[in-house]
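The values are calculated or read from the model by the stated rules, or taken from the named source; none is laboratory data. Quantities reported herein were computed from a predicted structural model and do not represent experimental measurements. Positions of Cβ are backbone-derived with ideal geometry, glycine not excepted, and every protein chain shown enters the neighbour counts.
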Amino acid sequence: MEENEIKNEEVNNIQISEDVISVMAGMAIQDIEGVAKVATGFAGGISEALGKKNIGKGVKVEIKDKEVTVDVGIIIKYGAKIPELAKQIQDKIKNDVETMTGFEVISVNVKIQGIENNRNEEKTEIVKEEEE
């Protein structure tokens with residue numbers, strides 16, 4: 001066996017866990033404008049309250065024959081355009097995971113699970129002027 005054949009065989013035997021891909025997906029969307037955070041659910045919320053932050057929480061990954069399916073629940077910022085934001089999230093996760101792993105991402109399902117409202121809470125009164 002030649003040296004190149006050994007190197008190729010070693011690369012083909014690398015296994016990437018679903019947890020690692022979950023973290024990749026979570027990191028991919030952290031800086032997308034309009035995403036407040038990944039929805040972590042009850043268990044993730046307890047972990048965060050205890051000071052443990054796991055970026056992959058809230059991201060479910062399935063790998064079958066080097067094909068990846070990603071489900072991610074997110075909390076969006078108030079005012080975000082949901083269809084555009086969801087497409088941006090899908091594209092970013094797909095690109096990052098495929099680039100880093102060599103696997104094919106066949107599906108990225110984005111679930112909007114809440115809205116973070118950080119708007120200025122001042123109330124604006126609308127006054128209708130009377131016609132003269």
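So here's what we get for this one:
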{"item": "Identity of the residue in the stretch 73-123, of a type in the set (Ser, Thr, Tyr) and within 27 Å of residue 20 (Cα to Cα), that ends up nearest to the chain's Cα centre (by Cα)", "result": "107"}
{"item": "Counted residues, the stretch 42-96 - those being modelled with pLDDT under 95, of a type in the set (Asp, Glu) and within 15 Å of residue 30 (Cβ to Cβ)", "result": "1"}
